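Here the structure comes first, spelled out in structure tokens, and everything after it is commentary.
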Amino acid sequence: MKKHPPQTLASRQEQLQRQITAAFHLLQGSLHKNPSQRGYHLTIKVKQKTVTKYVRKDLVPMVRLMTGNHLKVRKLLAKLSGVNWRLLQLPDE
């Protein structure tokens with residue numbers, strides 16, 4: 001594991017928090033176009049069951065953006081958790 005100065009880690013923490021906040025317009029699920037049916041569907045897992053919701057064609061670009069933001073936030077949260085852990089490991093000053 002690389003050693004980083006506390007200021008660098010704190011700066012990275014703030015940067016990740018800003019990125020997460022900016023991507024908070026999100027929607028969980030996967031968008032699919034079913035060839036046997038018209039339109040698009042958003043699928044999500046709810047209590048270990050797949051739930052499918054119809055998505056109007058005019059909403060598809062927004063749903064794509066929002067599901068992309070969900071994946072982005074998940075990755076950013078994992079990075080933030082790593083930075084937070086490294087900050088916790090720093091010796092008290």
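The values are calculated or read from the model by the stated rules, or taken from the named source; none is laboratory data. All values reported here derive from a predicted model rather than from experimental measurement. Neighbour counts run over all protein chains shown; Cβ positions are idealised from the backbone, glycine included. Accessible surface areas use protein heavy atoms only, side chains included; no ligands, DNA or RNA. Shrake-Rupley method; radii C 1.70, N 1.55, O 1.52, S 1.80 Å.
Kindly provide the set of residues from the range 16-46 that are without any contact (Cβ under 8 Å) to a residue 24 or more places away in the chain and either open to solvent by 70 Å² or more (accessible area, probe 1.4 Å) or in contact with a Pro (Cβ under 6 Å, 6 or more places away or on another chain) (or both), ordered by number. Before the answer, list the steps.
Initial filter on the range 16-46 (without any contact (Cβ under 8 Å) to a residue 24 or more places away in the chain): 18, 21-22, 32-41, 43-46.
Correct list: Arg18, Thr21, Ala22, His32, Lys33, Pro35, Ser36, Gln37, Arg38, Lys45.
In the range 48-62, which residues are open to solvent by less than 30 Å² (accessible area, probe 1.4 Å) and touching a Lys or Arg at 6+ places or on another chain (Cβ under 9 Å)?
Within the range 48-62, the first condition is being open to solvent by less than 30 Å² (accessible area, probe 1.4 Å), and the residues that meet it are 55, 60.
Once the filter is applied, which keeps residues that are open to solvent by less than 30 Å² (accessible area, probe 1.4 Å) and touching a Lys or Arg at 6+ places or on another chain (Cβ under 9 Å), the range 48-62 yields only Val60.
Figure legend. Inter-residue proximity from the range 63-91: first residues open to solvent by 50 Å² or more (accessible area, probe 1.4 Å), second residues part of a helix (DSSP H, G or I) and of a type in the set (A, V, I, L, M, F, W, C), beta-carbon distance below 7 Å, spacing 6+ or different chains. Indicated pairs: Leu77/Ile20; Lys79/Leu16; Arg86/Leu9.
Candidates are the residues of the range 27-82 that are among the β-branched types (Val, Ile, Thr) and touching a Ser or Thr at 6+ places or on another chain (Cβ under 9 Å); the one that is nearest to Arg12 (Cα to Cα) is Thr67.
Of all residues in the range 8-47, those satisfying the criterion of being part of a loop (DSSP other than H, G, I, E, B) and either farther than 30 Å from Asn84 by Cβ or among the small types (Gly, Ala, Ser) (or both) are Ala23, Gly29, Asn34, Pro35, Ser36, Gln37, Arg38, Gly39.
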